[in-house]
Amino acid sequence: MIPENWKQQGFADAPIPADIDLKAEIRRLCREKEAIIMAHYYTAGEVQDVADFVGDSLALAQHAAGTDAKIIVMCGVHFMGETNKILCPDKKVLIPDLNATCSLAESCPAADFAAFVKAHPGHKVISYVNTSAAVKAVTDVVVTSGNAREIVESFPVDQPLIFGPDRNLGAHINSVTGRQMVLWDGACHVHERFSVEKLVELKHQYPAAKVLVHPECRGAVVKLADVVGSTAKLLQYAVASQAESFLVVTESGILHEMQRRAPGKQFIPVPPDDSTCACNECNFMRLITLGKLYNTLRYEWPEVEVPADVAQAALRPIRAMLDLSKRLTRG
Ligand code: 13P
Ligand code: SF4
């Protein structure tokens, strides 16, 4: 029985024994329960270090679709857990803290989005993966920042398109494809906090640094980028590039994997414009801690649930994305 106060808090709030090696215990529980831990690049470094698989949103969905584990523990935000549950309805999908939501997904309430879709007859609906299952259920194809451009371009040029919920990513895709998708007016509070002023200041300080920008940032920030892309694309570029230093304009958790993969290079996190802290962190991703991960495995709770009818409707556009992505990368 899960105690009432845990349910209210949204995570398993059991004390962590002081004398255990937490990482070793987490790995032991994974073996015992045939569980895998998947983590997004924005989670804390120690969470990424204990995971079986770390990736961007696209890779996480692809990995979930192919796993034979009995339990998936999603160290990331809630929509990522939902995507896994939709792809693997027979598996137990756990998330260490149910409060790990996403401001971008929240900026698009399902009922309002359904009304928006209805108000644009004849439009195909493209939704960013950072949406609730209920929004995906009224979508034709889901995209991530890793495949949005290719998927948008796969539609005939005269096909009217709706893109939601991120107005920044949508505007970026419109500008690189020449499309005029109708955009939902949503945004991520973390990426909107980057400012041109701070970035220009840092560019003067580090003139040789390449600027890596996630497309959830505002257009004026994206314009200053050397590379714009998903977390995986920014990481790949940083590792392969001849450059020695990089200004990183996305959530600072990604620096952990950048530093691990390219230890000799310098990665400078660009801070948010509205605070004195050095890094721009997603408060939702940071809710995922090693202690909560341990308790989640111990108690197999909290579980991610998606109502069957919503899951069934949301599976089609997620599958459409995975199929298109596979076809498009094969060329
Ligand atoms: P990626 O798909 O690039 O990993 O981005 C996920 C996300 O939440 C960005 O804020
Ligand atoms: Fe959502 Fe923004 Fe956090 Fe990404 S960084 S999970 S878009 S709130």
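The values are calculated or read from the model by the stated rules, or taken from the named source; none is laboratory data. Predicted model only: the values in this text are computed from it and were never measured. Counting neighbours? That spans all protein chains shown, and the Cβs are built from the backbone with ideal geometry, glycine included.
Checking segment 263-271 against the condition returns no match, with no residue being closer than 21 Å to residue 213 by Cα, among the basic types (Lys, Arg) and in a helix (DSSP H, G or I). Candidates 164, 219: the one that is touching a residue at least 24 places away in the same chain (Cβ under 8 Å), in contact with a Cys (Cβ under 6 Å, 6 or more places away or on another chain) and of a type outside the set (Phe, Trp, Tyr) is 164. Among residues belonging to segment 1-48 that are of a type in the set (Asp, Glu) and in contact (Cβ under 8 Å) with a residue 40 or more places away in the chain, point out the one that is surrounded by the most Cβ atoms within 10 Å (Cβ to Cβ). Going through the qualifying residues, I end up with 25. Test residue 155 against the criterion of being under 27 Å from residue 234 (Cβ atoms), among the hydrophobic types (A, V, I, L, M, F, W, C) and crowded, with 18+ Cβ neighbours inside 10 Å, and give yes or no. Here the answer is no, as residue 155 does not meet what is asked. Residues satisfying the criterion are absent from segment 204-222 (criterion: under 22 Å from residue 145 (Cβ atoms), of a type in the set (Phe, Trp, Tyr) and modelled with pLDDT of 95 or more).
Filtered by the rule that a residue be part of a helix (DSSP H, G or I) and within 14 Å of ligand 2 (Cβ to nearest atom), segment 183-229 gives 191, 192, 193.
Selection over segment 274-298 of residues that are away from ligand 1 (no atom under 14 Å from the Cβ), part of a loop (DSSP other than H, G, I, E, B) and in contact with a Phe, Trp or Tyr (Cβ under 7 Å, 6 or more places away or on another chain) gives a count of 0. Once segment 72-107 is narrowed to residues that are of a type in the set (S, T, N, Q) and assigned to a loop (DSSP other than H, G, I, E, B), the residue that is farthest from ligand 2 (Cβ to nearest atom) is 99.
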